[in-house]
Amino acid sequence: MAEIRIENLCKTFHGASKPVLENISFNVDDSRFVSLLGPSGCGKTTLLRIIAGLEDQSSGKVFIGGRDVDGVHPRDRDMSFVFQNYALYPHFSVRDNISLGLRLRKVPAKEIDSRLNRISTMLGLESLLERKPRALSGGQRQRVALARALIRNPKVFLLDEPLSNLDAKLRDRTRGELKMLFRSVKGTVVYVTHDQVEAMTMSDKIVIINEGRIQQIGSPEEIYDKPANVFVAAFIGTPQINLLTGAQLRELGFRTLQQAEGKDGFICGIRPENVSVSGEPREGWMKGGVVMSEPTGAVTILTVSAAGAELRFSTGLKWPSGKSDIWFNFETERLHFFDPAGERRI
Amino acid sequence: MKKQLSKTAFYAFMLISVAITLFPFIWMISTSFKPPDEIFTKHPSLFPSRFTLDGYRQLFAAVSMWTHLFNSVIYAVFVTILSVLFNSMAAYAFAKLRFPGREKLFALLLVTMMVPGQVTMLPVFLILKSMGLLNTYAGLIIPGSAAVFAIFMIRQFMAEIPEEILEAARIDGLSEFSIFWRIILPLCRPIIATLAVFSFIGAWNDFLWPLIIMLREDKYTLPVALASANGQYNTDWAFLMAGAVVVVIPAVLIFLLAQKHYIKGIAAGAVKG
Ligand SMILES: Nc1ncnc2c1ncn2[C@@H]1O[C@H](COP(=O)(O)OP(=O)(O)O)[C@@H](O)[C@H]1O
Ligand SMILES: [Mg+2]
């Protein structure tokens, strides 16, 4: 039983004028995988470090397993932390790196050995145990850091962008492995990332943060299908969502319910994949000019200029290179509407 | 061809440099084994034709060698151990601990480096005298057991150790002192070995401070004892050179033993993860 509850957390660094975190509240249910997602510099690491007890909050509370951990030393919070740069002890062997925490907790040597064996087999580190970290590749170091986190069997795992130092291919593979791993040990995980794909694929729940404030909390589907504001809509999904004002829609000749109701002050978002395109004129469709087409294999990304706006469409059609004229239509039920300031979904 | 030539020139140059550097040492060693008539001759040879240990015999007869050797060893060893300990602890505080006024205090410390040692020697002497520490090992050792320059060097080295390593250790459950002892110190080994060699050789060769603080003859360190014995017996070169050899040998040994770490300490600026 180790749910995490964060209540009204604020943080202003000593001497800084602007708070890094403002009024952060969310909870992580027992054995759930929650991602903190946001652009670089938004305060994710700071938030994770406060949960770990490596940094003090200015105000607010952190509960781990129902216990207020204010003033509790990091080693007594029953959590493991995986640092972005792994922070392995350079002068210790892999074996000592992994087992130090257990030895300091006076776990019997036999027990340490058996756990070490299990973990190092699980992570494929058996043949590396006597090496020093400097003799390991990036991926191997990352697995040593994970092993060090796992071996103590903590209730809570805090991970700060553990995949960001891996090359793209390894990252893709490790994503799935990590998800399975933490599911199998039934750990409560808080996972910091700036990579939306990681957050979307791994999480039960995503907390999106921007400039120290929570933008939205929800499952990956909710966040994708019902973004709470323009920031979330634009941050999630590649290529980025197309954002158009009411006036631009009108110029395109697209009528919406909102406009039918006589309102014009709104922002409309349409994801690139929720657009139908055609090379032939169609009744009631809008017309534009293809500026660029980027085939990615499965789909082709089209950059289209229409009514003074630049739009991105993603289509399964093979678009003939050099063909300019395009006709397109939006899937009406997939449109997202936000207030003019872009702060609220309507 | 040209490359070959410049290489030859380079080696010739190095050889000459080494010869010039080593010559006084060889001369010193050779003189210490010469009988007097071979020293005071118009055509001195590099190597003694009649090898004698008279110089050493006189030395050990005139000076209570073991007493002074003991004093010197005490001085050098304790200064080395204490300065490694204190300098690295101070450096750790300045590099890794957060406390108010840290930067100002460190700046103040650096400023004191601009004051030459000779200026503070007298006040330090008076302070120690008032504490009753003249003619004591404590009085000899304590002033040398911390050095701003060493603190500065170690601090620079420690600053390169990522904060996250210390935090990982904290989460793993190491106490603050264990973090210093088991993580920080081993990672600083190159720089600490370098500074340890410096302070050992510095204390071993030190003349002025032991001369000032140790007034009784039985408390003289080796260099002081040799200098005072030399005055007493005129300048007996074999005797003097024998003394110099005895002083130099430990310094050279230490240097050779620590060479591996020493060079690393000078070359390395960073801790590689
Ligand atoms: N120790 C610190 N002192 C002052 N400012 C800090 C400190 N740590 C982080 N910050 C600032 O807090 C903000 C958030 O940083 P961080 O939590 O590391 O962001 P993220 O992990 O989302 O990239 C940044 O603007 C950063 O400069
Ligand atoms: Mg970060």
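Please compute the modelled spin-label separation between A:GLU294 and B:LYS129, points set 7 Å along Cα→Cβ, answer in nm with one decimal.
For the pair B:LYS129/A:GLU294, the computed spacing is 8.2 nm.
Hey, rough spin-label estimate for A:SER305 and A:ARG344, points 7 angstrom out along Cα→Cβ, what's it come to in nanometres?
A separation of 3.7 nm, rounded to one decimal place.
If you roll a 1.4 angstrom probe over the protein chains with everything in place, what fraction of the accessible area of the protein assembly as shown belongs to carbon and sulfur, to the nearest %?
C and S atoms contribute 60 percent here.
If I build a Gaussian network model for chain A, linking alpha-carbon pairs within less than 10 angstrom, which residue out of A:PRO108, A:PRO272, A:PRO154 has the largest mean-square fluctuation?
Ranking A:PRO108, A:PRO272, A:PRO154 by mean-square fluctuation puts A:PRO108 first.
Most mobile of A:GLY187, A:GLY289, A:GLY322 per a Gaussian network model of chain A (Cα springs, under 10 Å)?
A:GLY322
Take peptide A:84-91, look around each residue's Cβ out to 10 angstrom, count Cβ atoms belonging to other protein chains, and average those counts.
What the average comes to for A:84-91 is 6.
Grab the other residues whose beta carbon is less than 14 angstrom from that of B:ILE212, score K and R as +1, D and E as -1, and report the net.
Counting the neighbours of B:ILE212, the net charge comes to +2.
Between B:PHE255 and B:VAL111, 0.36 nm times their residue separation minus their Cα-Cα distance comes to what?
Taking B:PHE255 through B:VAL111 to full extension adds about 48.8 nm, to one decimal.
Between beta-carbons, use under 13 Å as the cut-off and find the net charge around A:GLU221, counting Lys and Arg +1, Asp and Glu -1.
Taking every other residue near A:GLU221 into account, the sum is -1.
Just name one of B:VAL18, A:LEU48, B:ILE161: the one whose Cα is farthest towards the positive end of the charge dipole of the protein assembly as shown (beta-carbon charges, Lys/Arg +1, Asp/Glu -1).
B:VAL18
Where a ≥ b ≥ c are the square roots of the eigenvalues of the C-alpha gyration tensor, would you call the protein assembly as shown rounded, which needs a/c under 1.5, or, failing that, prolate if a/b is larger than b/c, or oblate?
Here the protein assembly as shown falls in the prolate category.
Just the accessible area per residue of the protein assembly as shown, please: how many Å² with a 1.4 Å probe?
I get 51 Å² per residue for this part.
Once you sort the root eigenvalues of the Cα gyration tensor of chain B as a ≥ b ≥ c, which label holds: rounded (a/c under 1.5), prolate (a/b larger than b/c) or oblate (the other case)?
oblate
About its Cα centre, what dipole magnitude does chain A give when the only charges are +1 on Lys and Arg Cβ and -1 on Asp and Glu Cβ, stated in debye to the nearest 20?
In total the dipole reaches around 1400 debye.
Net charge near A:ASP68: determine it from the other residues with C-beta under 10 Å of the C-beta of A:ASP68, scoring Lys and Arg +1 and Asp and Glu -1.
Residues close to A:ASP68 contribute a combined charge of +1.
Trypsin sites (Lys or Arg not before Pro), restricted to region B:1-110: which are DSSP loop and have at most 10 other Cβ atoms within 10 Å?
B:LYS42, B:ARG50, B:ARG98
With the cut-off at 22 Å, tell me which of the pairs A:LYS287/A:LYS318; A:LYS132/A:LYS179; A:LYS11/A:LYS44 have Cα atoms farther apart than that.
A:LYS132/A:LYS179
With springs connecting C-alpha atoms under 10 Å apart, model chain B as a Gaussian network and identify which of B:LEU174, B:LEU134, B:LEU195 has the largest mean-square fluctuation.
B:LEU174
On average, how many beta carbons from a partner chain sit within 10 Å of the beta carbon of a residue in B:168-181?
6
Can you give the charge dipole size of the protein assembly as shown about its Cα centre, rounded to the nearest 20 debye, using +1 on the beta carbon of Lys and Arg and -1 on the beta carbon of Asp and Glu?
Using only the charged Cβ atoms, the result is roughly 1400 debye.
Could you calculate the FRET efficiency of A:ASN85 with B:ARG98 from 1/(1 + (r/R0)^6), where r is the beta carbon distance between them and R0 is 25 Å, rounded to 0.05?
After rounding to 0.05, the efficiency reads 0.75.
Under the classification rounded if a/c is under 1.5, otherwise prolate if a/b is larger than b/c and oblate if not, where does region B:1-136 fall, given a ≥ b ≥ c as square roots of the Cα gyration tensor eigenvalues?
oblate
For chain B, which DSSP H helices look membrane-span-like by this rule: Cα extent along the axis of 27 Å or more and mean Kyte-Doolittle of at least -1.0?
Span-like helices here: B:2-32, B:65-96, B:237-267.
If you scale each eigenvalue of the Cα gyration tensor by 5 and take the root, what three semi-axes come out for region B:71-144, rounded to whole angstrom and sorted largest first?
26, 17, 11
What is the interface area between chains A and B, defined as buried accessible area summed over both chains with a 1.4 Å probe, reported in Å² to the nearest 100?
For chain A against chain B, roughly 1900 Å² becomes buried.
Check cross-link reach from A:LYS106 to the lysines: straight Cα distance under 19 Å, and skip same-chain residues fewer than eight apart.
Leaving aside lysines fewer than 8 places away in the same chain, those within reach of A:LYS106 are A:LYS155.
Given N residues in chain A, what is its alpha carbon radius of gyration divided by 2.2 N^0.38 Å?
Working it through for chain A, the quotient is 1.19.
Towards the positive end of the charge dipole of chain A, with charges on Cβ (+1 Lys, Arg; -1 Asp, Glu), say which of A:LEU128, A:GLY316, A:SER305 has the farthest Cα.
Highest projection toward the positive end goes to A:LEU128.
Going through region A:1-96, which chymotrypsin sites (Phe, Trp or Tyr not before Pro) have at most 13 other Cβ atoms within 10 Å and a DSSP loop state?
Loop-located and lightly packed - A:PHE13.
Per 0.36 nm of contour for each residue apart, how much would the distance between A:VAL197 and A:SER278 grow if the chain were fully extended, relative to their Cα-Cα spacing?
Full extension of this stretch gives 26.2 nm more.
With the dipole of chain B worked out from charges on the C-beta (+1 for Lys and Arg, -1 for Asp and Glu) around the Cα centre, which of B:GLN118, B:PHE99, B:ALA9 lies farthest toward the positive end?
B:ALA9
What is the dipole size for region B:1-52, taken about its Cα centre, with +1 at each Lys and Arg Cβ and -1 at each Asp and Glu Cβ, in debye to the nearest 20?
360
Any chance you could count the Lys pairs in chain B whose alpha carbons are under 17 Å apart, treating pairs 8 or more apart or on different chains as valid?
Taking chain B as the scope, the lysine pair count is 4.
The values are calculated or read from the model by the stated rules, or taken from the named source; none is laboratory data. Owing to the predicted nature of the structure, the values given are computational and were not obtained by experimental measurement. Glycine also receives a Cβ, built like all others from the backbone with ideal geometry; neighbour counts cover every protein chain displayed. Note: areas computed on protein heavy atoms with side chains; ligands, DNA, RNA excluded. Shrake-Rupley method; radii C 1.70, N 1.55, O 1.52, S 1.80 Å.
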